[in-house]
Amino acid sequence: MAQLQVIVLDDTQALFVRAAEEIVHVSGESICTHGQFTLCLTGGNTPADVYSLIASRFHLSVDWNAVHLFWGDERCVPPEDPASNYAMAHRTMLSRLGLDQSQIHRIRGEDDPEVAAAEYEGELREFFSLGAGEFPRFDLLLLGLGDNVHIASLFPGLPAIHETSRLAVAVEVDAPQRKRITLTPPVLNSAARVMFIVSGRNKAEAVKAALEGPRDVDRYPAQIIGANQGEVMWLLDKPAASLLSHSK
Ligand code: 6PG
């Protein structure tokens, strides 16, 4: 069964620093135990300051030569589009790290969505040397939380919530940049560790639904996480955690 940790930080800056510290910690542990650190990034706005911290204050704390970066989802836009999750990571972190292109496994948002999903799946299968029915085991997979309780681009009601064999799929969502590519539930749930980073009072209802709501993955996709996880950590600031029962 998954080991679930819910950690509430006093404010947003404390949340971002703790998230960066956790990434550094897991990178060191992963590189020590198996010589590399596979980190799957999340998109959206929340992690931007975490990525900036990693590339500045924590830059020297990571052995970047042993790091490989992936994305949990991507909008179907070119990599230089401000809406691109790759563009956000590049602006805040990649542009300051000097990684080799072979370490950066972005989803090709500029391509036809079905082609991009298949290309990304192929890259995951090759990198992780996956056999039939196997899923990539990221050392750390970051997730944000939508105010409608979505994770990656798995929005409420999407058939992709029930995907059990493909690694990445093209979806259409009710949000800006309708067309997206997303990792599927079995991939999210095969990560060694999943870390949610959620900030703000506007996410409190979504956090409450995800952690304490009735079980309904179609309505609350964030509940997908945890079925068979190694470690699941929710990093929240106080406003985002404000509706949780005090038993947490
Ligand atoms: C995306 C993200 C998405 C994000 C949530 C929260 O492509 O937008 O992968 O799942 O994490 O929508 O976004 P914010 O951090 O901007 O609130």
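In table form, for the structure just shown:
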{"quantity": "Whole-angstrom Cα spans of the range 29-71 along principal axes, big to small", "calculated": "31, 22, 15"}
{"quantity": "Lysine pair count for the chain [Cα-Cα under 23 Å; pairs on different chains or 8 or more apart]", "calculated": "5"}
{"quantity": "Gyration tensor over alpha-carbon atoms, the range 114-248, equivalent ellipsoid semi-axes in Å", "calculated": "26, 17, 12"}
{"quantity": "Per-pair calculated FRET efficiency, R0 = 25 Å: residue 61 and residue 95 via Cβ, rounded to 0.05", "calculated": "0.85"}
{"quantity": "Length-normalised contact order for the chain - Cα pairs under 8 Å, 6+ apart - percent", "calculated": "25 percent"}
{"quantity": "Selected from 37, 99, 20, residue furthest toward positive end of dipole (the chain; charges at beta carbon)", "calculated": "20"}
{"quantity": "Compactness of the chain, expressed as Rg and Dmax over alpha-carbon positions, Å", "calculated": "16.7, 47"}
{"quantity": "DSSP-defined beta bridges in the chain - what % are antiparallel, rounded to 5", "calculated": "25 percent"}
{"quantity": "Helix runs (DSSP H) in the chain reaching 27 Å along axis by Cα, Kyte-Doolittle at least -0.5", "calculated": "12-34"}
{"quantity": "Sulfur and carbon atoms: percent of accessible area, the chain [1.4 Å]", "calculated": "50 percent"}
{"quantity": "Charge-dipole axis of the chain as Lys and Arg at +1 and Asp and Glu at -1 on Cβ define it, positive-most pick from 155, 59, 7", "calculated": "7"}
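The values are calculated or read from the model by the stated rules, or taken from the named source; none is laboratory data. If you're wondering where the values come from, they're calculated on a predicted model, not measured in any experiment. FYI the Cβ positions are ideal-geometry reconstructions off the backbone, even for glycines, and counts take in every protein chain you see. These area figures cover heavy atoms from the full protein model, side chains too; ligands, DNA and RNA do not enter into them. Shrake-Rupley method; radii C 1.70, N 1.55, O 1.52, S 1.80 Å.
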